[in-house]
1. Looking at the square roots a ≥ b ≥ c of the eigenvalues of the Cα gyration tensor of the chain, which shape do they give, rounded for a/c under 1.5, prolate if a/b is larger than b/c, or oblate?
2. Check the chain for me: any Cys whose beta-carbon has no other cysteine beta-carbon within less than 4.7 Å?
3. If DNA, RNA and ligands are ignored and the probe is 1.4 Å, what is the ranking of E91, E27 by accessible area, most exposed first?
4. Suppose the chain between T31 and K62 were pulled fully straight at 0.36 nm per residue; how much longer would it get relative to their current alpha carbon spacing?
5. In a GNM of the chain with a 10 Å cut-off on Cα contacts, which of N88, N61, N33 has the highest mean-square fluctuation?
6. Need the list of lysines near K125 for cross-linking: C-alpha distance under 29 angstrom, and skip anything on the same chain fewer than eight residues off.
7. Tally up the carbon and sulfur contribution to the accessible surface of the chain as a whole percent, 1.4 Å probe, everything protein left in place.
8. Per DSSP helix of 4 or more residues, -39500 (n - 2.57); summed, then divided by the residues of the chain. What does that give at 222 nm, rounded to the nearest 500?
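The values are calculated or read from the model by the stated rules, or taken from the named source; none is laboratory data. This is a predicted model, so every value here is computed, not measured. Note: ideal-geometry Cβ built from the backbone for every residue, glycine included; neighbour counts use all protein chains shown. The protein model used for the area step is the full one, side chains on, heavy atoms only, and it has no ligands, DNA or RNA in it. Shrake-Rupley method; radii C 1.70, N 1.55, O 1.52, S 1.80 Å.
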Amino acid sequence: MKFNFYSFLVYIILVVGIIGAGGLVIEEIKTGNGCPKVLGIPMCLVILICFIIPLIIHIVNKKNLFYFLFTGIAFGIAFVASILQFNNNAECPKTSYGNPMCYYSFIIFLSLIILKVFDLRLKNKQK
């Protein structure tokens, strides 16, 4: 397995994302009020899954379509949530500093998609 800077950044971001989303899921389990729900499904759980599956795919370095599918789903959720938050039509969970976490999710998943594209291009050049 070839290892490069882009790949390393993807690992770091995915692990940090799992820790962050995992904390929200734990809060949701404890209080039932950790994150917004759509059709009764906590979105933080969906986001956690959208971190875990890409991490597994990144580790095995196969089925990149699923990496992009799950990061794309999470990106879409974060994009919509960010727009709703910005327009005061929804309320995203906040950081301890009061910043909406959906903004961070948007940036994180956009970064994961871009970094994976660069990672794959670099790996293709090295072949």
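1. Values: a/c = 2.28, a/b = 1.95, b/c = 1.17.
Prolate, because a/c is 1.5 or more and a/b exceeds b/c.
2. C50
3. Values: E91 120, E27 80 Å².
So, going from the largest accessible area down, we get E91, E27.
4. On the way: separation 31, 0.36 × 31 = 11.16 nm, distance 3.74 nm.
Extra length from T31 to K62 when fully extended: 7.4 nm.
5. N88
6. The qualifying lysines are K2, K62, K63, K116.
7. Numbers: 5580 of 7760 Å².
Heavy-atom surface of the chain belonging to carbon and sulfur, 1.4 Å probe: 72 percent.
8. Details: 4 runs with 94 residues, N = 127.
The helix contribution divided over the chain gives -26000 deg cm²/dmol.
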